[in-house]
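For reference, the structure is listed below as structure tokens.
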Amino acid sequence: MLAEGGRTIICTIHQPSARLFEKFDQLYTLADGQCVYQGSTQQLVPFLSTLNLECPSYHNPASYIIEVACGEHGDHIERLVQAIDNGKKDIRTAADYAAIKVRNDILQVQNLKAILDKNDAANTISGKYDENLTFNNSILKGNLVNDIAKEPPEPVISTNEKGDAMIELEKNDNCSTALLTADITSPERYPTSQLHQFFVVLKRTLLFNFRDWTLMYLRFFAHMLVGFLIGTLYYDIGNDGSKVLSNLGFLFFNMLFLMYTSMTVTILAFPLELPILLKENFNRWYSLKSYYLAMSIADLPFQTIFCILYVSIVYYTTSQPLEWARFAMFLSTCLLIAFVAQSVGLLVGAAMNVQNGVFLAPVMSVPFLLFSGFFVSFDAIPKYLRWITYVSCVAYLFLKWKLKSAR
């Protein structure tokens, strides 16, 4: 809107999406403090192709020029700086780099002719000169020279409605250049397999977790602090038969704590990565399936460790039965409720922003908690509402704990 009003907008951006890149009129790219391209965004891909830097049809041109500037496709910075004269040239039309293309093609032909001449000389010296080879080489050199010697298309000078001079090149019927509007047809949507995408995204997610331990420290201290607090509040109630209701309250709060801690982390984390996910998925770097599996599995070890530490503290301090079978059942139910809550958090985080997700997630869990069997027994629930208990994972877990406590 501001640009349409006649204002000049300058943006400094590192990784624009293809749609955002298409909106730019002028592009100025830097690498090692030098200008490697200046001109129209529509002429970026054709300009790079003159230097034998072919941008794949499925690739974002903005990402490709960044990869070239970073040296991922070889050291081409000096060539780009010389071709663009370190920013003194402004590429607007094909005529601005036609001479560069002709010069590069001539250099290629000269190199090829030198190689062919060496082969001819070697064959002559060794006495094994092949007439057919000589004939083919001559034809090859002649055709290449004739093709390169053709002058670039003559510019056609015309005027628009306002009387401004416009220079256009005559278009060849057998040449077409497309930047973002090309009809991409490829046999596979992604260049790599789903398994390779999964491992790459998983490695990156784990690397991010190891680089930023702030959230991990907070989750660790929260589980430890709440574990000791609950153990102190419900201390030794497992051996007292008169405190069965208190033991049920401990089980219910234990489930509530694990559910909300697992859900909140994913609700807050996923929306922050959503812009990166949309851009990289649009560039066909990886699929949503690979991203979801990698993100879920990357958090499983941390979620499991924190849950085991918390359960070990509260199970011992509340004097629950010291039997490995019972402890394994208690731990498995706690892990299951944590994993289910994590999935619900991913669902809510993907469907809405942080503010709405933080509000809606607790509200969504209220019906499942009400019909869990702790506040109202199953027999006291009206028949037309009992179906909610069958779709509530909390009801299944809490009912299992009640049966275990009754034993």
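Odds and ends about this structure:
- In region 220-237, the residues that are within 12 Å of residue 316 (Cβ to Cβ) and open to solvent by 100 Å² or more (accessible area, probe 1.4 Å): 228, 235
Rundown of residues vs (1) modelled with pLDDT under 85; (2) closer than 25 Å to residue 284 by Cβ, yes/no style:
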residue: 11; (1), (2): yes, yes
residue: 27; (1), (2): no, yes
residue: 34; (1), (2): no, no
residue: 41; (1), (2): no, yes
residue: 47; (1), (2): no, yes
residue: 61; (1), (2): no, yes
residue: 64; (1), (2): no, yes
residue: 69; (1), (2): no, yes
residue: 77; (1), (2): no, no
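- Some residue of region 291-305 being out of contact with any strand residue (DSSP E or B) (no Cβ under 6 Å at 6 or more places or on another chain), closer than 18 Å to residue 397 by Cα, open to solvent by less than 50 Å² (accessible area, probe 1.4 Å) and part of a helix (DSSP H, G or I): yes
- Odd one out for residue 285, checked against (1) among the hydrophobic types (A, V, I, L, M, F, W, C); (2) part of a helix (DSSP H, G or I); (3) over 16 Å from residue 338 (Cα atoms): (2)
- Here residue 266 fulfils each of the conditions (1) open to solvent by 30 Å² or more (accessible area, probe 1.4 Å); (2) among the β-branched types (Val, Ile, Thr); (3) in contact with a helix residue (DSSP H, G or I) (Cβ under 9 Å, 6 or more places away or on another chain) apart from (1).
- Any hit, region 327-336, residues being over 22 Å from residue 296 (Cα atoms) and open to solvent by 50 Å² or more (accessible area, probe 1.4 Å): yes
- You will find that of 322, 347, the residue that is of a type outside the set (Phe, Trp, Tyr), open to solvent by 70 Å² or more (accessible area, probe 1.4 Å) and not in a helix (DSSP H, G or I) is 322 and no other.
- Evaluated against (1) open to solvent by less than 50 Å² (accessible area, probe 1.4 Å); (2) touching a Ser or Thr at 6+ places or on another chain (Cβ under 7 Å); (3) part of a helix (DSSP H, G or I), residue 369 falls short on exactly one condition, (2).
- Verdict on residue 205 being within 14 Å of residue 299 (Cα to Cα), within 14 Å of the chain's Cα centre (by Cα), surrounded by 13 or more Cβ atoms within 10 Å (Cβ to Cβ) and assigned by the TED database to the domain that holds residue 349: yes
- Positions within region 234-278 being of a type in the set (S, T, N, Q) and free of Cβ contacts under 8 Å to residues at least 12 places away in the same chain, in sequence order: 242
- Of the residues 244, 265, the single one that is assigned to a helix (DSSP H, G or I), over 18 Å from the mean Cα position of the chain (by Cα), under 20 Å from residue 358 (Cβ atoms) and modelled with pLDDT under 85 is 265.
The values are calculated or read from the model by the stated rules, or taken from the named source; none is laboratory data. Because the structure is a prediction, the values reported are computed rather than measured. As a convention, Cβ positions derive from the backbone with ideal geometry for all residues, glycine included, and neighbour counts pool all protein chains shown. Areas reflect the complete protein model, heavy atoms only, side chains present, ligands, DNA and RNA absent. Shrake-Rupley method; radii C 1.70, N 1.55, O 1.52, S 1.80 Å.
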